[in-house]
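**Student:** Quick one: the structure is below, and I'll ask about it shortly.
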């Protein structure tokens, strides 16, 4: 049994992880997140890549099963490797749940001309990734701006490298972006859950929060988890997030111990 569930309202919640240098341009967080979310439901155009062995790969060739797309730059020595490692862990968990060969992954280098096939191969080797279902790709330079726009991925050059979204795009078997995930780790309900919906051909709106939590609570129990924290954010004011939190607390409070907290987060 889940002994303790904490449901908190946060205003606002930022899902962007940055690393930047002094006196550098800054990524517009709100605009980047809006562009990323706007890509959901979009079918990216055809794009040409070279894999880490130098072979040409078309984006359309990766259709037929769910695809997880992430963007990195190989000159990153902390955030990108850490996020890729977290993605590797999440992918292994998803494979255990869904079975082998049910989905693919593609990590794309966006820092051209430096993210060559050789550089991407080295990046994969350092991440200890050798799965045939995970491609490390170098895009065509002329198509790069459209590729990034298609996936809603944003970055800003800085003196230390790049500020960029930590984003994983889950694409369905027909080539449409189904879900955007953010951060430097990927929890099973969000990552495996989205892939499971696509593999089972049962996609559903991400907004059905209570049903989503209901579906995944048993897996947390079997994994010996003792509490679940759910954070609800609202960039337009506290009222909507507070309402959602109270509704969730009422829904789960009949059978679980629930603590609802509301607090505002301000930025200087």
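**Student:** Can you confirm whether residue 196 is at pLDDT 85 or above, touching a helix residue (DSSP H, G or I) at 6+ places or on another chain (Cβ under 9 Å) and part of a helix (DSSP H, G or I)?
**Tutor:** For residue 196, the condition - at pLDDT 85 or above, touching a helix residue (DSSP H, G or I) at 6+ places or on another chain (Cβ under 9 Å) and part of a helix (DSSP H, G or I) - is met.
**Student:** Same structure, new question: Which of (1) surrounded by 19 or more Cβ atoms within 10 Å (Cβ to Cβ); (2) modelled with pLDDT under 95 is the odd one out, the single condition residue 115 does not satisfy?
**Tutor:** Result: residue 115 passes all but (2).
**Student:** Criterion first (part of a loop (DSSP other than H, G, I, E, B) and at pLDDT below 80) does residue 250 satisfy it?
**Tutor:** Judged against the criteria, residue 250 is not a match.
**Student:** Also, I was wondering about something else. What's the number of the only condition in (1) more than 13 Å from the chain's Cα centre (by Cα); (2) at pLDDT 95 or above; (3) under 19 Å from residue 131 (Cβ atoms) that residue 110 fails to meet?
**Tutor:** Here residue 110 clears every test but (3).
**Student:** Just checking, which of 62, 15, 10, 67 is buried (at least 16 other Cβ atoms within 10 Å of the Cβ), within 23 Å of residue 187 (Cα to Cα) and modelled with pLDDT of 85 or more?
**Tutor:** Result: 67 is the single residue among 62, 15, 10, 67 that is buried (at least 16 other Cβ atoms within 10 Å of the Cβ), within 23 Å of residue 187 (Cα to Cα) and modelled with pLDDT of 85 or more.
**Student:** Does residue 220 count as surrounded by 15 or more Cβ atoms within 10 Å (Cβ to Cβ), within 18 Å of residue 97 (Cα to Cα) and either modelled with pLDDT under 90 or within 14 Å of the chain's Cα centre (by Cα) (or both)?
**Tutor:** Criteria met by residue 220.
**Student:** A further question follows. Have a look at 174, 156 and point out the one that is under 20 Å from the mean Cα position of the chain (by Cα), over 29 Å from residue 228 (Cβ atoms) and exposed (fewer than 15 other Cβ atoms within 10 Å of the Cβ).
**Tutor:** Just one listed residue meets the conditions, 174.
**Student:** Now a separate question. What single numbered condition from (1) touching a helix residue (DSSP H, G or I) at 6+ places or on another chain (Cβ under 8 Å); (2) touching a residue at least 60 places away in the same chain (Cβ under 8 Å); (3) buried (at least 20 other Cβ atoms within 10 Å of the Cβ) fails to hold for residue 181?
**Tutor:** In the conditions (1) touching a helix residue (DSSP H, G or I) at 6+ places or on another chain (Cβ under 8 Å); (2) touching a residue at least 60 places away in the same chain (Cβ under 8 Å); (3) buried (at least 20 other Cβ atoms within 10 Å of the Cβ), residue 181 misses (2) alone.
**Student:** Go through (1) at pLDDT 95 or above; (2) under 21 Å from residue 44 (Cα atoms) and name the single condition residue 121 misses.
**Tutor:** Here residue 121 clears every test but (2).
The values are calculated or read from the model by the stated rules, or taken from the named source; none is laboratory data. Since this is a predicted model, take the numbers as computed values, not measurements. Here the Cβ is made from the backbone with ideal geometry for all residues, glycine too, and neighbour counts use every protein chain on show.
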